[in-house]
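Only one structure is covered here, and it is reproduced in the block below.
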Amino acid sequence: MFELLKTDPTSKARLGRLTSSRGAVDTPVFMPVGTQGSVKALDPRELQEMGTQIILGNTYHLHIRPGLDIIRAAGGLHRFINWTAPLLTDSGGFQVFSLAKIRKIKAHGVEFRSHLDGSPLFLGPKEAMEIQRELGSDIAMVFDECPPHDAPAKEQRLAVERTICWARECRAQPRADGQMVFGIVQGGSNAALREECARAIVALEFDGYAIGGVSVGEPEDEMMKAIEFTEPFLPAHQPRYAMGLGTPAQMVELVARGVDMFDCVLPTRIARNGTAFTARGTVSIKAGFNKADFRPIEEGCECYACRNFSRAYLRHLLNVGEILGLRMLSVHNSHLYLKVMQDIRRHLAAGTFAEFRREFVANYVPSQKVLLSRSESNDE
Ligand SMILES: [Zn+2]
């Protein structure tokens, strides 16, 4: 299901292709996040036009609203949201541990209360796999425990033990036709725990492996370390997915560390704050200096927003609260994330990734505000 087409001689970067029953996905790939069954402010036509190969849906949210009976009656999640390309669903583990305020961890899952109306719910490996089977996603994720980055060592260890136990239970559940299942490695920024968890999860033989417990409020160097501690223990012939990351420059660096798949809420989240990503960092389109700037958000960008509208007009739309402003920033930001991945794939194929990486990272000025908003919560 995964073909490793080429590896970069100067780093751990890989060019690959993941084949699902709904089509192939060229990697490294960025997956726009459709938490509630919709990539915020974007429709499937726009997503396809900008080269989206695969999107993400969320088990926890879709399970709460509209509920599984509605999605089942619609004929599965693809039909319900009218998305015909591949779709990955997360297991809900992250949300249960980050959104649900009151929870009780049991042997086979978590008792918690809905973040919406407080009603009692239970989610564990069996339930998470059953929901994802009904959703009919092309890639399902195992149910894991994701502790905060500053959790004490004892809690990190317990989370790893539970994650391994629950991965085994997930592995034994039936899946939808053609559905791949990815295991998740936890262990915080502890090298020994990461190795132990990775070895145990890989021994269960999943179709791909995710590195979880990153983008949970840790500083960037710790996040990079968590990836470096895990990657050597993941099989080369299978896809690796870093969950919930990151800025464009971080994605380039993570590709160089052997990661193939990314998802991140940042492009659409910061769009809603009136902020645009560019190849040199972020820019506030709302800022006064754009008042009479009739250039596009980014010169040379081929997205619909940059081909048609000026910064001055977009700033006006944002200032008067017109929805089109938010939509166009979401178009530009998502397009940029997808474009960075296209560029990475092109340079990997041409053997020029090292130069691309050096230049991209040198030109990109990270914004502290954006880095902080990444860790607010992975959930829009
Ligand atoms: Zn653009």
Exercise for review: Please name all residue pairs, on different chains or six or more residues apart, with Cβ atoms under 6 Å, provided the first residue is in the range 269-280 and is of a type outside the set (D, E, K, R) and the second residue is part of a loop (DSSP other than H, G, I, E, B) and open to solvent by 30 Å² or more (accessible area, probe 1.4 Å).
Suggested key: GLY274/LYS286; THR278/GLU298
Review point. Can you name the number of the only condition in (1) open to solvent by less than 10 Å² (accessible area, probe 1.4 Å); (2) in contact with a strand residue (DSSP E or B) (Cβ under 7 Å, 6 or more places away or on another chain); (3) not in a loop (DSSP other than H, G, I, E, B) that PHE122 fails?
Key: (1)
Exercise for review: Can you confirm whether the range 33-48 contains a residue that is at pLDDT 95 or above and more than 20 Å from the chain's Cα centre (by Cα)?
Suggested key: yes
Check your understanding: Can you name every residue in the range 271-324 that is open to solvent by 20 Å² or more (accessible area, probe 1.4 Å), within 11 Å of the ligand (Cβ to nearest atom), of a type outside the set (Phe, Trp, Tyr) and closer than 23 Å to ARG45 by Cα?
Key -> PRO296, GLU298, GLY300, CYS301, GLU302, ARG307, ASN308
Exercise for review: Tally the residues that are open to solvent by less than 20 Å² (accessible area, probe 1.4 Å) and within 19 Å of the chain's Cα centre (by Cα), restricting the search to the range 330-376.
Suggested key: 14
**Study point:** For THR52: the one exception among (1) over 18 Å from VAL331 (Cα atoms); (2) part of a loop (DSSP other than H, G, I, E, B); (3) under 18 Å from the mean Cα position of the chain (by Cα)
**Key:** (1)
Check your understanding: Restricting to the range 148-186, what's the tally of residues that are open to solvent by less than 10 Å² (accessible area, probe 1.4 Å) and of a type outside the set (S, T, N, Q)?
Key -> 11
Exercise for review: Those residues that are open to solvent by less than 10 Å² (accessible area, probe 1.4 Å) and either under 16 Å from PHE122 (Cβ atoms) or of a type in the set (D, E, K, R) (or both), I need them from the range 68-103; list them, please.
Suggested key: SER91, GLY92, GLY93, GLN95, VAL96, ALA100
Point to revise | Some residue of the range 75-91 being free of Cβ contacts under 8 Å to residues at least 24 places away in the same chain and part of a loop (DSSP other than H, G, I, E, B) | key: yes
Review point. Given the conditions (1) closer than 30 Å to ALA159 by Cα; (2) not in a strand (DSSP E or B), and given that ILE70 satisfies all but one, which numbered condition is not satisfied?
Key: (1)
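Pick out, from the range 132-231, the helices (runs of 4 or more DSSP H) lying fully within it that include 2 or more residues that are of a type in the set (Gly, Ala, Ser) and more than 17 Å from the chain's Cα centre (by Cα).
Counting at least 2 such residues, we get 153-171, 191-203.
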Revision key, fill the gap. Of the listed residues (PHE182, PHE143), the one being touching a strand residue (DSSP E or B) at 6+ places or on another chain (Cβ under 6 Å) and touching a residue at least 12 places away in the same chain (Cβ under 8 Å) is PHE182
Check your understanding: Out of the range 232-253, which residues are at pLDDT 95 or above, outside any helix (DSSP H, G or I) and either at positive phi or touching a Lys or Arg at 6+ places or on another chain (Cβ under 6 Å) (or both)?
Key -> LEU234
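The values are calculated or read from the model by the stated rules, or taken from the named source; none is laboratory data. Since this is a predicted model, take the numbers as computed values, not measurements. Positions of Cβ are backbone-derived with ideal geometry, glycine not excepted, and every protein chain shown enters the neighbour counts. The accessibility values were calculated without ligands, DNA or RNA, using every heavy atom of the protein model including side chains. Shrake-Rupley method; radii C 1.70, N 1.55, O 1.52, S 1.80 Å.
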